[in-house]
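The values are calculated or read from the model by the stated rules, or taken from the named source; none is laboratory data. Predicted model only: the values in this text are computed from it and were never measured. When we count neighbours, we look across all protein chains shown, and the Cβ atoms used for this are built from the backbone with ideal geometry, even at glycine. To get the accessible areas, we keep the full protein, side chains included, count just its heavy atoms, and leave off ligands, DNA and RNA. Shrake-Rupley method; radii C 1.70, N 1.55, O 1.52, S 1.80 Å.
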Amino acid sequence: MNTNEIIPRLNEVFRDVFGDSSISVTASTTADDIEDWDSIEHINLIGAVESEFGMRFKMREVSGMKNVGEMINIIAERGK
């Protein structure tokens, strides 16, 4: 799976989780870029991404993610 396949699916997940159809994520998107992205919504987001891509993040991956690009890299390695 490559970035061009992952980003459209991530956009749908982000739009659904945050209830904002205008969200368009890039590799450099961080929590600071999305108004409602706090620690609670981060948990919801991780669960939704895991469901979408049929995978589970490891705790160290979740705590180490600095931006959407790191999430994309993990999904590309293990997602389907």
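For this structure, a couple of remarks:
- Across all directions, the average flat footprint of the convex hull enclosing the Cα atoms of the chain is 4.6 nm².
- Distance between modelled label sites at Arg78 and Asp36, nm, 7 Å Cα→Cβ extension: 2.8 nm
- Potential extension, Met55-Asp16 segment - 0.36 nm per residue separation minus Cα distance: 12.2 nm
- Near the amide H of Thr29, within less than 5 Å, lie the amide hydrogens of Val68, Gly69, all on another chain or at least 5 residues away, with H placed in the peptide plane.
- Here the 3J(HN,Hα) profile of segment 51-66, calculated from phi with Karplus coefficients 6.51, -1.76 and 1.60 at θ = phi - 60°, is 5, 4, 9, x, 8, 10, 7, 7, 4, 5, 5, 5, 6, x, 5, 9 Hz, Gly and Pro shown as x.
- For the chain, the share of accessible area belonging to carbon and sulfur comes to 46 percent (1.4 Å probe, ligands and nucleic acids excluded).
- Top of Ser51, Ser28, Ser63 by mean-square fluctuation, Gaussian network on the chain, Cα under 10 Å: Ser63
- Charge context of Lys66, other residues only, Cβ under 15 angstrom, K/R +1, D/E -1: -3
- Only helical runs count toward this figure. For the chain, summing -39,500 (n - 2.57) over DSSP H runs of n ≥ 4 and dividing by all residues gives -18500 deg cm²/dmol at 222 nm.
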